[in-house]
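The values are calculated or read from the model by the stated rules, or taken from the named source; none is laboratory data. Nothing here was measured: the structure is a model prediction, and the numbers come from that model. Quick reminder, even Gly has a Cβ in these numbers, built from the backbone with ideal geometry, and neighbours come from all protein chains shown. Accessible surface areas use protein heavy atoms only, side chains included; no ligands, DNA or RNA. Shrake-Rupley method; radii C 1.70, N 1.55, O 1.52, S 1.80 Å.
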Amino acid sequence: MAEPAQYEELARQLSALGAVKRDLGRALPSDCPGGSAAVLTLLDRHGDMRMGRLAELLAVDMSVTSRHVAHVAERGWIARSPDPQDKRSRILRLTPAGHAVLDELSRRSTALLADRLGDWTDDEVGQLVRLMTRLRASFGDCRTAPPRRPTPPAGALTTRTPEDAE
């Protein structure tokens, strides 16, 4: 297990990744803000879905999801059709125009990363990808999984809680 100072530094570095995300966000087309890009990406990755499922995947409330969906629907990037199982609900689906926008987003983010990481070796980029993939896997689906209790350091005093008795 790593030393606490290493975890503290990792937390600082993860916090600083916000600057990288903002720079990637600036590469988005002006009519496709981050929330819209997230909607398109999730529909591409998970397929057609109801608004409630999209809100769950975005980890935001329904009103925020509704605004994002309205934005991309107005541009013709998604289609909303009645759910055959529940006529009150709508199924969201990417359109060919939505796929084209995703292709453009991919092109732009790839170009920006290639520019910023141009002095990295292929092995370094591969190592970063592997480690970030492993980090994400360690956290799992943070929207649905309860947090794991940290394991106390060896020799640390522990206190039993009512939950421990269950």
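Return yes or no: is A55 hydrophobic (A, V, I, L, M, F, W, C), assigned to a strand (DSSP E or B), in contact with a helix residue (DSSP H, G or I) (Cβ under 9 Å, 6 or more places away or on another chain) and over 23 Å from L112 (Cα atoms)?
no
Any residue in the stretch 7-29 that is over 17 Å from R116 (Cα atoms) sitting within a Cβ distance under 9 Å of a residue that is at pLDDT below 90? List the pairs, counting only those 6 or more apart or interchain.
L10/A2
Looking at the stretch 33-43, which of its residues are more than 18 Å from L113 (Cβ to Cβ) and not small (G, A, S)?
P33, V39, L40, L42, L43
Give the stretch 84-113 a look and list any residue that's outside any helix (DSSP H, G or I) and open to solvent by 40 Å² or more (accessible area, probe 1.4 Å), or say none.
Residues satisfying the conditions are P84, Q85, K87, R88, R90, R93.
Given D123, D119, which one is in a loop (DSSP other than H, G, I, E, B) and modelled with pLDDT of 85 or more?
Exactly one of D123, D119 is in a loop (DSSP other than H, G, I, E, B) and modelled with pLDDT of 85 or more, namely D119.
Just for the stretch 1-39: of the residues that are open to solvent by 100 Å² or more (accessible area, probe 1.4 Å) and acidic (D, E), which one is farthest from V69 (Cα to Cα)?
Taking the candidates together, the pick is E3.
Residue check: is D119 within 30 Å of L10 (Cα to Cα), exposed (fewer than 14 other Cβ atoms within 10 Å of the Cβ), touching a helix residue (DSSP H, G or I) at 6+ places or on another chain (Cβ under 8 Å) and not basic (K, R)?
no
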